[in-house]
Amino acid sequence: MEFTVKSGNPEKQRTACLVLGIYESRRLSMAAEQFDNACGSYLSNVLRRGDIEGKIGQSLLLIHTPNALCDRVLLIGCGRERDLDDRHFRQIMANAATTLHDTGATEAVSYLTDLNVKSRDIHWKIRQAIEATEEALYRFGELKSKKDQPRRPLRKIILSVPSRRELLVGEQAVREGVAIAAGVKLAKDLGNLPGNICNPGYLAERAQELGHTFTSLKIELLEEDEMEKLGMGSLLSVSHGSAQPAKLIILGYHQGPQDQKPIVLVGKGVTFDSGGISLKPGAEMDEMKFDMCGAASVLGALQACAELRLPLTVVGIIPAVENMPGGKATKPGDVVTSMSGQTIEILNTDAEGRLILCDALTYSERYDPSVVIDIATLTGACIVALGRHPHGLLSNHGPLANDLLNAGRAAADRAWELPLWDEYQEQLDSNFADLANVGGRDAGTITAACFLSRFTKKLHWAHLDIAGTAWKTGKAKGATGRPVPLLVQYLLDQAAATATKE
Ligand code: BES
Ligand code: MN
Ligand code: ZN
């Protein structure tokens, strides 16, 4: 989809479809009122007849509106004006997108970005309009033999800004929205691919492809023998039971000032998590193809970063493995030595995410990073604690945690912090090794983060548990592309902060 911004009156737009908001109950938005005045109260009359109430989810397509330069007018219900918050705005944009898509219009001018959203400016509204539109129109059709495309698909949306003064901000918001939406789409596509296609080697190829598209992205691949030499016994123990060799994928983006320490993003890339010898139950096991969504979000965020040419230094590290119960698989009770030198008693082979992340986190030390953020579908317990709305956030560095919480709020991709207190650490005590890889039933998300914290003592580190947010279950099953918006927002904020420092 192509997006642009424009200022001007609705009645003057020569377009296939004009999109206007209607508030509950039957109240015209500002743009709708302007249009109404120009077309002899046609809209007011329609509203009076009661064809649309203005509730969120409602829409009404009008043709032959008098004195209008447009072919159609699409009225979109916006709910109560004073209730219009982030979530409602996104619902409104999604409804507009799907409704528009089913009309014959290939192009539209939308005045929904003129709506007032609680404490949000035009930059935010334009960006969210793009993200919500792409979200609503996303389909994963790659693996269907019959493609279902509408005959005349929507190709272009022109978003309104209140006056010419906002055009520049609007254009910047379009660039950001388009880059974030593309990063989200990449993460969704990778997440939705099944484990028999998207295996560690495939993830590596897709990273290399990114490196070809963006010359600012340098890709490096470590094979199992090289990881062996580095002493990554913990990471390698996970792929022992699989026919697929593990890969360590590294993406370098060096566009910051010479002396800038990198931001490192580490993404869990378990392309299928059967649980290993601690085999998972059969129900919903298919969803464990999504266990590489952390890795996918790192690729999506770095793509957006390159697309936006952010003046930053960022390194992406993706440990990619398949967790399977083959004859050579790690067994419960096995003890392995991590790259850090710490020994780990593997009491449950299904707690594999932390086993690959710990070696990747130790590896990140060589970049002398300013901060390290790992992103992982790490614990089912996170869904029990927080549900499927926020990401879980745990960190050993307050300022970094706050930056990520703020980025999530700004990007409407929120995280919620859980405590990483020392009191929980003893749950990882082992009789046979330095630590165990599981910490019992209590506080599973926190003890998983405690495990990782043993490997990040030298780092300013944060961990995003995206087990509840990376994909949707049930009828609308599919990857969400989260937390790409949060990550890109964080990078944008960091770029802005370095710019003001100079
Ligand atoms: N990938 C899973 C976590 C997961 C489970 C995410 C369900 C989303 C939905 C992870 O590797 C795992 O299996 N974790 C175990 C940890 C346990 C063995 C301590 C879990 O959450 O059950
Ligand atoms: Mn697991
Ligand atoms: Zn897993």
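The values are calculated or read from the model by the stated rules, or taken from the named source; none is laboratory data. From a predicted model like this one, the values you see are computed outputs, not experimental measurements. Methodologically, a virtual Cβ is constructed for each residue, glycine included, from the backbone with ideal geometry; neighbour enumeration extends over all protein chains shown. For the accessible areas, the whole protein counts, side chains as well, though only heavy atoms, and no ligand, DNA or RNA atoms are used. Shrake-Rupley method; radii C 1.70, N 1.55, O 1.52, S 1.80 Å.
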**Request:** Select from the range 337-347 the residues that are more than 15 Å from ligand 3 (Cβ to nearest atom) and either part of a helix (DSSP H, G or I) or open to solvent by less than 20 Å² (accessible area, probe 1.4 Å) (or both) and list them in ascending order.
**Result:** SER338, ILE344, GLU345
**Fill in**
Residue count, the range 364-410, condition away from ligand 1 (no atom under 15 Å from the Cβ) and either open to solvent by 10 Å² or more (accessible area, probe 1.4 Å) or touching a Lys or Arg at 6+ places or on another chain (Cβ under 8 Å) (or both), comes to 19
**Residues being closer than 20 Å to ALA360 by Cβ, small (Gly, Ala, Ser) and in contact with an Asp or Glu (Cβ under 9 Å, 6 or more places away or on another chain) - total across the range 316-341** = 3
**Request:** For the range 418-445, name all the residues that are away from ligand 2 (no atom under 16 Å from the Cβ), under 18 Å from HIS391 (Cβ atoms) and in contact with a Gly (Cβ under 8 Å, 6 or more places away or on another chain).
**Result:** LEU418
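Every residue, every condition in (1) within 25 Å of PRO262 (Cα to Cα); (2) within 16 Å of ligand 3 (Cβ to nearest atom); (3) among the hydrophobic types (A, V, I, L, M, F, W, C); (4) touching a residue at least 60 places away in the same chain (Cβ under 8 Å), yes or no:
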| site | (1), (2), (3), (4) |
| --- | --- |
| ASP350 | no, yes, no, yes |
| ILE383 | no, yes, yes, yes |
| HIS391 | yes, yes, no, yes |
| ASN402 | yes, no, no, no |
| ALA411 | yes, no, yes, yes |
| ALA415 | yes, no, yes, yes |
**Item:** Residues that are at positive phi and open to solvent by 20 Å² or more (accessible area, probe 1.4 Å), drawn from the range 75-119
**Value:** SER119
**Message:** I'd like the residue in the range 42-74 that is of a type in the set (Ser, Thr, Tyr) and over 18 Å from HIS101 (Cβ atoms) and, out of all such residues, is surrounded by the fewest Cβ atoms within 10 Å (Cβ to Cβ).
**Reply:** SER44
**Request:** Kindly establish whether THR15 is open to solvent by less than 10 Å² (accessible area, probe 1.4 Å), out of contact with any helix residue (DSSP H, G or I) (no Cβ under 9 Å at 6 or more places or on another chain) and hydroxyl-bearing (Ser, Thr, Tyr).
**Result:** yes
**Message:** Residue under question is ASP350, and the condition is that it be of a type in the set (Asp, Glu), within 18 Å of GLY468 (Cα to Cα) and not in a helix (DSSP H, G or I); does it hold?
**Reply:** yes
**Item:** Candidate set from the range 147-199 (those that are among the charged types (D, E, K, R) and open to solvent by less than 30 Å² (accessible area, probe 1.4 Å)); member that is farthest from ASP121 (Cα to Cα)
**Value:** ASP189
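Among the residues of the range 278-312, which ones are within 12 Å of ligand 1 (Cβ to nearest atom) and surrounded by fewer than 24 Cβ atoms within 10 Å (Cβ to Cβ)?
Start the filter on the range 278-312 by keeping residues that are within 12 Å of ligand 1 (Cβ to nearest atom), which leaves 278-281, 283-294.
Those that are within 12 Å of ligand 1 (Cβ to nearest atom) and surrounded by fewer than 24 Cβ atoms within 10 Å (Cβ to Cβ): SER278, LEU279, LYS280, PRO281, ALA283, GLU284, MET285, ASP286, GLU287, MET288, LYS289.
Which of the following residues is of a type in the set (Gly, Ala, Ser), within 13 Å of LEU355 (Cβ to Cβ) and under 22 Å from the mean Cα position of the chain (by Cα): GLY241, GLY233, GLY269? Lay out the reasoning, then the answer.
On the way: GLY241 fails: under 22 Å from the mean Cα position of the chain (by Cα); GLY233 fails: under 22 Å from the mean Cα position of the chain (by Cα).
Answer to the check: GLY269.
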**Residue count for the range 325-370, restricted to those that are over 27 Å from the mean Cα position of the chain (by Cα) and not basic (Lys, Arg)** = 23
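Does ASP225 satisfy the condition of being acidic (Asp, Glu) and either more than 14 Å from ligand 1 (Cβ to nearest atom) or open to solvent by less than 30 Å² (accessible area, probe 1.4 Å) (or both)? Before you say what the answer is, go through the steps one by one.
Numbers: acidic (Asp, Glu): yes; either more than 14 Å from ligand 1 (Cβ to nearest atom) or open to solvent by less than 30 Å² (accessible area, probe 1.4 Å) (or both): yes.
For ASP225, the condition - acidic (Asp, Glu) and either more than 14 Å from ligand 1 (Cβ to nearest atom) or open to solvent by less than 30 Å² (accessible area, probe 1.4 Å) (or both) - is met.
Can you pull out the strands (runs of 3 or more DSSP E) entirely within the range 1-82 that have at least 3 residues that are in contact with a strand residue (DSSP E or B) (Cβ under 6 Å, 6 or more places away or on another chain) and hydrophobic (A, V, I, L, M, F, W, C)?
Values: elements: 2-6, 18-23, 59-63, 72-77.
Hits in the range 1-82: 18-23, 59-63, 72-77.
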**Request:** Those residues that are hydrophobic (A, V, I, L, M, F, W, C), part of a helix (DSSP H, G or I) and either open to solvent by 20 Å² or more (accessible area, probe 1.4 Å) or out of contact with any Ser or Thr (no Cβ under 9 Å at 6 or more places or on another chain) (or both), I need them from the range 200-222; list them, please.
**Result:** ALA204, ALA207, LEU210
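Which ones in the range 428-438 are under 19 Å from ASP465 (Cα atoms) and of a type outside the set (Val, Ile, Thr)? Give the derivation first.
From the range 428-438, those under 19 Å from ASP465 (Cα atoms) are 428, 437-438; that's our starting set.
Scanning the range 428-438 gives LEU428, ASN437.
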**Asked** For the range 411-441, which residues satisfy the criterion of being open to solvent by 60 Å² or more (accessible area, probe 1.4 Å) and among the hydrophobic types (A, V, I, L, M, F, W, C)?
**Response** TRP416, TRP421, PHE432
**Asked** What are the residues in the range 316-329 that are under 15 Å from GLY269 (Cβ atoms) and either outside any strand (DSSP E or B) or more than 16 Å from ligand 2 (Cβ to nearest atom) (or both), if any?
**Response** GLY316, ILE317, ILE318, MET324
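Any residue in the range 353-376 that is within 11 Å of ligand 3 (Cβ to nearest atom), modelled with pLDDT of 95 or more and among the hydroxyl-bearing types (Ser, Thr, Tyr)? Don't jump to the end; show me each part of the working.
To start, the set of residues in the range 353-376 that are within 11 Å of ligand 3 (Cβ to nearest atom) comprises 353-357, 376.
Now narrow it down to the ones that are modelled with pLDDT of 95 or more: 353-357, 376.
Still in the running and among the hydroxyl-bearing types (Ser, Thr, Tyr): none.
No, because not a single residue in the range 353-376 is within 11 Å of ligand 3 (Cβ to nearest atom), modelled with pLDDT of 95 or more and among the hydroxyl-bearing types (Ser, Thr, Tyr).
Restricting to the range 278-304, name every residue that is more than 25 Å from LYS475 (Cβ to Cβ) and either of a type in the set (Phe, Trp, Tyr) or within 14 Å of ligand 3 (Cβ to nearest atom) (or both). It would help to see each step written out before you state the result.
Of all residues in the range 278-304, those more than 25 Å from LYS475 (Cβ to Cβ) come to 278-279, 295, 298-299, 301-304.
Residues satisfying the conditions are SER278, LEU279, ALA295.
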**Request:** Out of the residues in the range 442-483 that are assigned to a loop (DSSP other than H, G, I, E, B), of a type in the set (Lys, Arg) and over 17 Å from SER395 (Cβ atoms), state the one that is least open to solvent (accessible area, probe 1.4 Å).
**Result:** ARG482
**Prompt:** Can you name every residue in the range 411-441 that is under 30 Å from the mean Cα position of the chain (by Cα), charged (D, E, K, R) and within 16 Å of ligand 1 (Cβ to nearest atom)?
**Reply:** ARG441
